[in-house]
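See below for the structure under consideration.
Derivation of every value follows stated rules applied to the coordinates shown; laboratory data play no part. Every value quoted in this text rests on a predicted model; they were computed, and no experiment measured them. We place every Cβ from the backbone using ideal geometry, glycine too, and count neighbours over all the protein chains shown.
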């Protein structure tokens, strides 16, 4: 479990991140949706542990900055205002109904411009799996503050993302797009993200569960259709991977499935078992490659730290299984026992990137913001891992 020293280290990283990216101080804000979603959860975790209002203030300020920067057109674009096309007052009330930009440095590819796979990684647009992370962050803010407006924004984001990123016929399973352009009018990359359907199903289920409390019932839009369509997609999509960030994402989704199952809010039979099978297969391969023994110059911290965060979730999954064994199949029990053999990998990754010498390498400095935030999440994971 999380130590006092880990919490202190996470706090230092998150204060540094706030200053470096213009969340505090007088610098120009630098926002990036994936990193900021994790940062929100970190600030909430620090608030929960310390009850210091300043951490909650940072979380709420970051939500506001993201919506007013990534929910609006880029400064180098001829278009201005909210990317949803709403008026200024309506955009303030519904900042996520047009989605949110990634926050990449280069502008999006114009309709007539030749596709360059390498360059596309640096171009702006919208990623579905970034949007789901922001939905999760907003739901965490709603729970921490009791303000359902944040949950409404998360559900409105889920509605628009589902509508624009998916192509699902009345019959058949359909598909998703990996990347859309900034205003969600055309796909930028037409291939499908391997884990996007699973991430969508679990995230929508989390939002639906949060909205069905006594205080919010009948006051927020339902996601029944979106959940059913994502469930259909998941039944025909493989989730197998040996990528550490992908494995971390699967562990995160498995943990949320367990939490929602315990609350009676997740009903996709056999999916948790399938995901745990894929995680075990991927971890066996990843461990055999012995990538955690490589020097820092040959490693990407944020990808490895995604796995470390997920393995912290595995520790919690074993605890939930112990408390609610009747809720899960014998296969879930066996798989969690087998996966426990790989918990040491998370500690190795975390300790490696806590070493100051390793954070002097170019592989760290070139991705400093995301590396810092995900190291902090690994050190203080409860804010992110809670559904």
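Side notes on the structure shown:
- Our summary gives the chain a relative contact order of 18 percent, counting only alpha carbon pairs under 8 angstrom and 6 or more residues apart.
- Note on residue 54 and residue 344: their simple-model spin labels are 4.0 nm apart, each label 7 Å out from Cα toward Cβ.
- Per-residue [θ]222 nm for the chain (sum of -39500 (n - 2.57) over DSSP H runs n ≥ 4, rounded to 500): -19000 deg cm²/dmol
- Centre separation in Å (Cα based) which lies between the range 81-115 and the range 346-380: 31
- Net lengthening on full extension, residue 213/residue 73 (0.36 nm per residue, minus Cα-Cα): 46.9 nm
- Cβ-based exposure ranking for 132, 35, in which fewest neighbours within 10 Å come first: 35, 132
- Build a GNM of the chain with springs between Cα atoms under 10 Å apart, and of 311, 201, 354 the one that fluctuates most is 354.
- The chain: most fluctuating residue of 49, 72, 175 per GNM, C-alpha cutoff 10 Å: 49
- Contour excess over end-to-end distance, with Cα ends at residue 225 and residue 119 and 0.36 nm allotted per residue: 34.6 nm
- Residue 8/residue 362 FRET efficiency (R0 22 Å; Cβ-Cβ; nearest 0.05): 0.20
- Label-to-label distance, nm, for residues given as residue 318 and residue 277 (7 Å Cα→Cβ offset): 2.4
- Efficiency of FRET between residue 145 and residue 262 - r from beta-carbon atoms, R0 22 angstrom, step 0.05: 0.40
- The range 1-32 and the range 169-215: distance between their alpha carbon centers, rounded to Å: 30
- Spacing of the modelled spin labels on residue 329 and residue 16, each 7 Å from Cα toward Cβ, amounts to 4.5 nm.
- Efficiency of FRET between residue 167 and residue 105 - r from beta-carbon atoms, R0 25 angstrom, step 0.05: 0.25
- Averaging the sequence gap over all C-alpha pairs within less than 8 Å and six or more residues apart, then dividing by the number of residues, gives the range 122-236 a relative contact order of 28 percent.
- Percentage relative contact order, the range 284-387, counting C-alpha pairs under 8 Å, at least six apart: 44
- Segment residue 191-residue 298, extension gain: residue separation times 0.36 nm, minus the distance between their alpha carbons: 35.7 nm
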